[in-house]
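The values are calculated or read from the model by the stated rules, or taken from the named source; none is laboratory data. None of the values given here were measured: they were computed from a predicted structure. Here the Cβ positions follow ideal geometry from the backbone for every residue, glycine too, while neighbour counts run over all protein chains shown. Areas reflect the complete protein model, heavy atoms only, side chains present, ligands, DNA and RNA absent. Shrake-Rupley method; radii C 1.70, N 1.55, O 1.52, S 1.80 Å.
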Amino acid sequence: MSEAPKPSKKAVDDGNYDKEIISKWPDLELAQTRFMLNHPEVDQEIKNQKLAALQQAIKEHDMAPLYELVCADFKITVDAAQLAAMKAANAKRIEDITAEVKDAEKNLGESEVRQGLLRKFEYYCQIGDKENAQKAYTATYEKTVGMGYRIDLVFAMIRVGLFFLDHHLINKYITKAKELMEQGGDWERKNRLRSYEALYRMSVRDFAGAADLFLEAVPTFGSYELMTYENLILYTVITTTFALDRPDLRTKVIKCNEVQEQLTGGGLNGTLIPVREYLESYYDCHYDRFFIQLAALESERFKYDRYLSPHFNYYSRGMRHRAYEQFLTPYKTVRIDMMAKDFGVSRVFIDRELHRLIATGQLQCRIDAVNGVIEVNHRDSKNHLYKAVIKDGDILLNRIQKLARVINA
């Protein structure tokens, strides 16, 4: 567990900060641990280890609100003595901070008052008390003058939202952060906001929006309170392969020095090696390897990531569709047996997949079952756009005519 940062000793709220004192609370690693404990496919022995580590962190930092949540989640009998001791420690700490704030109001300046309120806010974040953290945020924000400090407060509230995956809260404070940035946010904080927004967009299945933001964050990443740099590279590769076409993928990812440096190194304990093989197999059109790597990432990473877990089936379907489309593009006709062999799967599997995608209009081709051939219809993009405009125009004219009849009646 990382230690809570010490409050700044600066007397003037100029909005500047040292990277080393950026608050790490609430600790998002604890949220990931809580997610793993709820996961039905995690081995019971691993769950026991993680539960012990979570309980140790809760006890070490007197996280009474989080302890009650964990006990309710996992049907654990509440240790009444431990809970009472933690609540007493929480009350004592809040009482001490409140006394410091009152003393600062009488004998010191606005800066000291703000620092006291900030300590209270961060303490609520530390112990996992979302409701009181929001109240403390409001009091602290009102006393904060420096634009930089205000933005840091908003970042902390986004982290609270991410800790509980409260999408309403996250969206509210990302919007607030953008408004403050327009009023005078510095470059460092603007870059941090990209990481915050990218993580949120990915968590709500906006892979295209997340991809652009992750790519912007990679060269100057500094939001280690959110994720490790290795996880940033993982998320960047995952979202860009889904969202970008081949030319952009080559320019922005394959040829990106920062991304390739991490992928080539393989990451800590080789965690990025499967990610590198996944990207290379997709881009180099080794579809049998790509399917294997996609399945491996699904079972080993996506399922156990709290942001990606709700979307791994959607992501997998989307990437298989992109691979099929990429494979079929150069051909006018192709044998089903040949396609199945290239993808390392059975003909029955390919047949079922293609039928689903053709029926929903996602692939422009038809299957000649008698001859075992796929006939690809290469759509003329300009002609398709022209027809779409005509169709939409007809719909619009019909609606205008109906509205005119209603008004004239």
Residues that are more than 30 Å from Leu30 (Cα to Cα) and either touching a residue at least 12 places away in the same chain (Cβ under 8 Å) or touching a strand residue (DSSP E or B) at 6+ places or on another chain (Cβ under 8 Å) (or both), drawn from segment 314-328: Gly318, Met319, Arg320, His321, Arg322, Ala323, Tyr324, Glu325, Gln326, Phe327, Leu328
Helices (runs of 4 or more DSSP H) wholly inside segment 67-155 containing at least 3 residues that are more than 33 Å from the chain's Cα centre (by Cα): 80-107, 110-127
Members of segment 140-157 found to be more than 16 Å from Gln183 (Cα to Cα) and open to solvent by 40 Å² or more (accessible area, probe 1.4 Å), listed by number: Glu142, Lys143
Residues that are touching a residue at least 24 places away in the same chain (Cβ under 8 Å), open to solvent by 30 Å² or more (accessible area, probe 1.4 Å) and more than 17 Å from Asp288 (Cα to Cα), drawn from segment 330-367: Tyr331, Lys332, Thr333, Gln362, Ile367
Some residue of segment 263-278 being over 25 Å from Met339 (Cα atoms), open to solvent by less than 20 Å² (accessible area, probe 1.4 Å) and of a type in the set (Gly, Ala, Ser): yes
Subset of segment 158-208 [polar (S, T, N, Q), within 17 Å of the chain's Cα centre (by Cα) and loosely packed, with under 15 Cβ neighbours inside 10 Å]: Thr175
Segment 223-261: number of residues that are among the small types (Gly, Ala, Ser) and either surrounded by fewer than 17 Cβ atoms within 10 Å (Cβ to Cβ) or at pLDDT 95 or above (or both): 1
Among (1) part of a helix (DSSP H, G or I); (2) in contact (Cβ under 8 Å) with a residue 12 or more places away in the chain, the one test that His168 misses: (2)
